[in-house]
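Readers should treat all values here as calculations from the given coordinates under stated rules, not as data from a laboratory. Fair warning: this is a prediction, and the values are worked out from it, not measured in the lab. Cβ atoms come from the backbone with ideal geometry, glycine included; neighbour counts cover every protein chain shown.
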Amino acid sequence: MVTTDWTQVSYEEGRQTLKKWRECGVRRSEEVVEIWEHVISRSPSSLGDEQWAVLEQVCIASLDAARVDLAQECIDLLHAQFPNSNRVLKLKGMQLEATEHFQKALDIYERLVEEDPNNNSYRKRKVAVLLAQGKRLDAIRAINEYLKIFLNDPEAWLQLSELYLLENDVPKSVHCLEECVLIQPLNSMYFRRLGDLRYTQGGADNVELARAYYERALKINPTDLRSQYGILLVRNPSGLLLKDFQSNNQIASTTKSPSEKKKAGLAAVDAIDNLVNRYQKISPKSNPESDGILNCLEAMKVTIGSK
Amino acid sequence: MKFNVETQALPYSTIILHCLKYPSKGVFGLLIGHKKGDKVTVTGCIPLCHESTPLAPPLELATALVHGKFGASLVGVYFANANPSDTSLNMYAIRLADKITTVTSSPAILIQVMNERLVSDCDQDRLVAFEKDGDSWKETKTLFQGSNFLRALQTVIQKKLYRELADFENHLDNPEADFYNTNLSNKLVQIAELRS
Amino acid sequence: MTDLLLDPAIRTWVFLPIVVITFFIGILRHYVSLLLMNKKKVELENIADGQYLLRARLLRENGRFLPKTSFNARRQYLCAEETGYLSKAQQRPAKGPNPMDPSQMTEMLKGNMMNMIPMIVVGGWINWTFSGFVTTRVPFPLTLKFKAMLQRGVDLVSLDSAWVSSASWYFLCMFGLRSIYTLVLGSENAADQSKAMEDQMAMTGSAVNPQADPRAAFKGEWEALQMIQHQFAL
Amino acid sequence: MASTIYRLITIVSLLSLIHCAYSAAQHRFYLRLTEQPFVSLPADVVAQTVISLVALIYGTSYLANPFQYIKKDQHHDRTCDEALNCPSFITFENRSKAMSPEFAMLRTLKQQQRQRQTSSRKETHSGRVSETIHSSESTDSQE
């Protein structure tokens, strides 16, 4: 795993990385704090307007990395610049959450919601407070309430599906993922995750649905390794290696008519082929174990081929 | 049968590094080792994924690949909960352990990382082992490495080596990442003289 | 092609100033409208309406990715007789934008005050000051019908219709510079567009504007959803 | 190998197309010199133009890289963590908090406070009274 040492990074590269992480919502709090302390805090003003967004990002990251002192600094700087802004107040609420003053944080969020009912981020923070206190069922109820108004918010549906998974309720989690797919039909991750969930649910028709979703994910994003593996899993008529690990209700799905079994076998073989040529491209220097995986795949191909 | 679980230094530190790489998420992994009578020695571990609700496909795939490579020396599962105050056993880990017991036809053990003991000055054992007794999981004795190992662990954490660790999910994201972490293990052994 | 020789002074004192004037008036108009346009108070209900309409459309468009059972469950949830949001919204009392009430009046007045009046005033002024001569020539030949548009204020029958008078050059600039406005203004407000603001726009952006009457929209969506034939696309 | 052939075809057809244009201009210039009315281009120039155009299209259609699915996934290079991460629901009850020294002190404070309550509950023997103390005390500790 190649890792960059963020303390030696140049100012411009630090700024670009923070911008990239801010846009794709990456959660690497410790590294953000490191970049800020070692690189950007030398002269934040040279960021111009962007420094406020960076300060907000650093504040949240430092709360996540349990650095309440740094968070307090950022909040003071932001408060000085935007004296009565709701977003700074929201950050103050988050800091209270981090120091386990949940009731105070909740009061702040209540006030913010009344002041600006259209803003959905305050309502989400109220749900986050419930999550922090470990009240998962209340959190689920709160998200459902929130989704009654803002029902096209994929992030809320994703969080809800995660919570249902924690309650081991896979069908509801599948329902939430389907909502995400409805909202963003071009996101291959949602399709692949929906395929995983269907596969976890088990049962012949669910595995069939999982196959459909994996193929759709692969069509949108051909280089997605997970979908390729997924297709192999779903198509695997009786690959010796995998069979004993597949949950028992998958075995039921393999008793198909011979012609279908043939078709499934062929599809499994070409699923393995494009996996194999994916692994052949990897240099053993970076991943010494890649040829180990290659052998496993070859072994699987032989067993399927001979069937 | 009361197991006596001894986790060697290398898997012990790899598990801790896996927890530190994803501090806000639950982590999962497989344990490699051998059993003699009631003594289980864990000689290696393979980090699998970093979410408290892992789904069937990645788990099945990883266990199949690891089983293909290590065969019967697959002895159990380790996991850590996302929330530090939550010390309950994770049901996905239990399900995976049961499946390993059926496949390797020998009882698998379960190792939980106690998040609250990860703080540097705590001298208790960070890992707690469980074994299946009837249909509930009971805690069993573990052999603790002692304080010089903890000092070695601190140096590794200071060097932030956990960023080089790769689990199966990282491998799925980018096949260049090696989820057996061979290079990292060599580095661990070399830097902290951990006997592998 | 009658070759007219234009006095180069026209280029420096008529042709270029018109372009500059139009450009700056556009920028001025943009900022004044930003100042005047008070933040329209979008109540929660309008957001919910907008979201449900968007949801119905999304369901129709991407419904093919869901299996039949989940598609029907969602359709049922939206269009059920009493409980479905779409059906309930249709029975709501009509609340169209009655022009009589004062807040709507000021809104409309401000609206057209913003763009109609400056155009007429400046157009008239240019027509008055720079009237009677031709400023430039369009490189490609044009048919006679363009003559009326391009040569306002210069009614010479024999003149080739490629020539453009100052008034119509002003109108050409007015519409031509629109893309440059988005370039100049667009780039500005993109700078402070942080991610939270984007989500915010995405969420409330699709809100139904308070004036329009949503009942008709709901009826349309309701029928469309009822009629759709679900076919699992994968 | 194959792509070099198509590249060759494309270049040759491009050159011949330019040559046709040049010869057409030359023809017009010749007509103007001899004051003949321009009727149409000579047949060979027209033929050469059409052929080289067809060859050009054929060549470039092979050189262009394979067709892509129209609706590309716009953030396809995102890893699974980034795509399935919900930043607005971030909670701070995580391992780095459990390991940080400041929160360790906060946690020991809470534990002592909990022990005091359990010991105080044993002394007063009346659950109801201590419950009120407990609730009031916990609100104070929150302040």
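Between C:Leu28 and C:Lys145, what is the FRET efficiency for a Förster distance of 30 Å, r being their Cβ-Cβ separation, to the nearest 0.05? Each step should come with its number before you reach the end.
Values: r = 34 Å, r/R0 = 1.12.
Between C:Leu28 and C:Lys145 the formula returns 0.35.
From other protein chains only, count the Cβ atoms within 10 Å of every residue's Cβ in C:45-51, then give the mean. All intermediate terms of the calculation are to be shown ahead of the outcome.
Working: counts 1, 1, 5, 4, 0, 1, 7.
Mean number of neighbouring Cβ atoms from other chains: 3.
Read phi for every residue in the stretch C:132-149 and hand back ³J(HN,Hα) as whole Hz from Karplus 6.51 cos²θ - 1.76 cosθ + 1.60, θ = phi - 60°, with x for Gly and Pro.
My calculation for the stretch C:132-149 gives x, 9, 9, 9, 8, 10, 6, x, 9, x, 10, 7, 5, 4, 5, 3, 4, 6 Hz in order.
Would chain A count as rounded, prolate or oblate if I go by the C-alpha gyration tensor, calling it rounded below 1.5 in a/c and otherwise prolate when a/b exceeds b/c, oblate otherwise?
oblate
Under the Karplus relation 6.51 cos²θ - 1.76 cosθ + 1.60, θ = phi - 60°, what is the ordered set of whole-Hz ³J(HN,Hα) values for the stretch A:41-48, x standing for Gly and Pro?
5, 4, 8, x, 5, 6, 7, x
Can you pull out the GluC sites (Glu not before Pro) in the stretch A:38-111 that DSSP calls coil and that have at most 14 other Cβ atoms within 10 Å?
Listed in order of number, the matching sites amount to none.
Taking H placed 1.01 Å from N in the peptide plane, check which residues at least 5 places from B:Gly76 or on another chain put their amide H under 5 Å from its amide H.
Amide H to amide H, under 5 Å and 5 or more residues apart or across chains, B:Gly76 pairs with B:Leu31, B:Ile109.
Along the three principal axes, how long is the stretch A:79-216 when you take its alpha carbons, biggest first, rounded to the nearest angstrom?
Ordered largest first, the stretch A:79-216 gives principal extents of 58, 29, 23 Å.
What distance in nm separates the simple spin-label points at B:Lys138 and C:Leu159, each placed 7 Å from Cα in the Cβ direction?
The answer from the label model is 10.6 nm.
Quote the Stokes-Einstein diffusion coefficient, in whole µm² s⁻¹, for the protein assembly as shown, based on the Kirkwood radius over alpha carbon pairs, a temperature of 4 °C and a viscosity of 1.567 mPa s.
39
Can you tell me which of C:62-74, A:157-169 comes out highest on packing, and rank the rest after it, using the mean Cβ neighbours within 10 Å?
Ranked from most to least packed, the peptides come out as A:157-169, C:62-74.
In which sequence would B:Val40, A:Val9 go, from the one with the fewest C-beta neighbours within 10 Å to the one with the most? Don't skip to the end; give the middle numbers.
On the way: B:Val40 25, A:Val9 19.
Listing B:Val40, A:Val9 from fewest to most nearby Cβ atoms yields A:Val9, B:Val40.
Using mean Cβ contacts within 10 Å as the protection proxy, how do B:134-146, D:104-116, A:271-283 order, highest first? Mind dumping the intermediate values first?
On the way: B:134-146: 13.4, D:104-116: 11.8, A:271-283: 15.8.
Per-residue mean Cβ counts within 10 Å order the peptides as A:271-283, B:134-146, D:104-116.
Given points 7 Å out from each Cα along the Cα-Cβ axis, report the B:Val119 to B:Thr182 separation in nanometres with one decimal.
The modelled label-to-label distance comes out at 4.1 nm.
Based on the alpha-carbon gyration tensor of the stretch A:1-153, what equivalent-ellipsoid semi-axes (square roots of 5 times the eigenvalues) come out, in whole Å, largest first? The partial results should precede the final answer.
Details: eigenvalues 171, 60, 44 Å².
For the stretch A:1-153, the ellipsoid semi-axes come out as 29, 17, 15 Å.
Highest GNM mean-square fluctuation, chain B, Cα pairs closer than 10 Å: which of B:Leu55, B:Leu165, B:Leu96?
Among B:Leu55, B:Leu165, B:Leu96, the largest GNM mean-square fluctuation belongs to B:Leu55.
Would you tell me the mean number of C-beta atoms belonging to other protein chains that fall within 10 Å of each C-beta in D:100-111, as a whole number? Can you show the working numbers first?
Values: counts 5, 4, 5, 7, 5, 0, 3, 5, 0, 0, 1, 0.
Going residue by residue through D:100-111 and averaging, the value is 3.
Please list, by residue number, every one of the trypsin sites (Lys or Arg not before Pro) in the stretch B:2-57 that is coil in DSSP and has at most 12 other beta-carbon atoms within 10 Å.
Here the sparse-neighbourhood loop sites are B:Lys2.
Which entries in the list B:Lys39/B:Lys187; A:Lys19/A:Lys126; B:Lys39/B:Lys138; A:Lys148/D:Lys97; B:Lys25/C:Lys68; A:Lys124/A:Lys219 go over 25 Å, if you measure between the two C-alpha atoms of each? Don't skip to the end; give the middle numbers.
Working: B:Lys39/B:Lys187 28 Å; A:Lys19/A:Lys126 27 Å; B:Lys39/B:Lys138 16 Å; A:Lys148/D:Lys97 34 Å; B:Lys25/C:Lys68 35 Å; A:Lys124/A:Lys219 33 Å.
Violating the 25 Å Cα-Cα cut-off are B:Lys39/B:Lys187; A:Lys19/A:Lys126; A:Lys148/D:Lys97; B:Lys25/C:Lys68; A:Lys124/A:Lys219.
Need one number: nm distance between label points at A:Asn295 and C:Asn112, each 7 Å from Cα along Cα→Cβ, rounded to one decimal.
Those two pseudo-labels are separated by 8.3 nm.
How many angstrom lie between the C-alpha centres of the stretch B:29-72 and the stretch C:115-161?
Taking the Cα centre of the stretch C:115-161 as reference, the centre of the stretch B:29-72 is 82 Å away.
Within the protein assembly as shown, what percent of beta bridges assigned by DSSP are antiparallel, to the nearest 5?
Approximately 70 percent, going by the DSSP bridge assignments.
Which whole number gives the average count of other chain Cβ atoms within 10 Å of the Cβ atoms across peptide A:106-118? Each step should come with its number before you reach the end.
Numbers: counts 0, 0, 0, 0, 0, 0, 0, 0, 0, 0, 1, 4, 10.
The per-residue average across the peptide is 1.
Take the alpha-carbon centre of the stretch C:7-83, take the same for the stretch A:70-149, and report the distance between them in whole Å.
Going from one Cα centre to the other spans 29 Å.
Between D:Asn65 and C:Gln90, what's the calculated FRET efficiency when r is the beta-carbon distance and R0 is 41 Å? Round to 0.05. Before the final figure, lay out the partial values.
Numbers: r = 51 Å, r/R0 = 1.24.
With R0 = 41 Å, the Cβ-Cβ based efficiency is 0.20.
Considering only A:Ser29, A:Ser290, A:Ser227, give the residue with the highest GNM mean-square fluctuation for chain A, with springs between Cα atoms whenever their separation is below 10 Å.
A:Ser290
Looking at the stretch B:4-192 from every direction and averaging, what is the projected area of its Cα convex hull in nm²?
Directional mean of the projected Cα hull area for the stretch B:4-192 stands at 10.0 nm².
Which value at 222 nm does the protein assembly as shown reach when only helices count, each DSSP H run of 4 or more adding -39,500 (n - 2.57), with the total divided by all residues and rounded to the nearest 500 deg cm²/dmol?
Value at 222 nm, helices only, nearest 500: -19500 deg cm²/dmol.
Over chain B, with a Gaussian network built from C-alpha contacts below 10 Å, which listed residue (B:Ala152, B:Ala93, B:Ala80) shows the highest mean-square fluctuation?
B:Ala152
Tell me, what is the FRET efficiency for A:Lys148 and A:Ser283 to the nearest 0.05, using R0 = 60 angstrom and their Cβ-Cβ distance as r?
0.70
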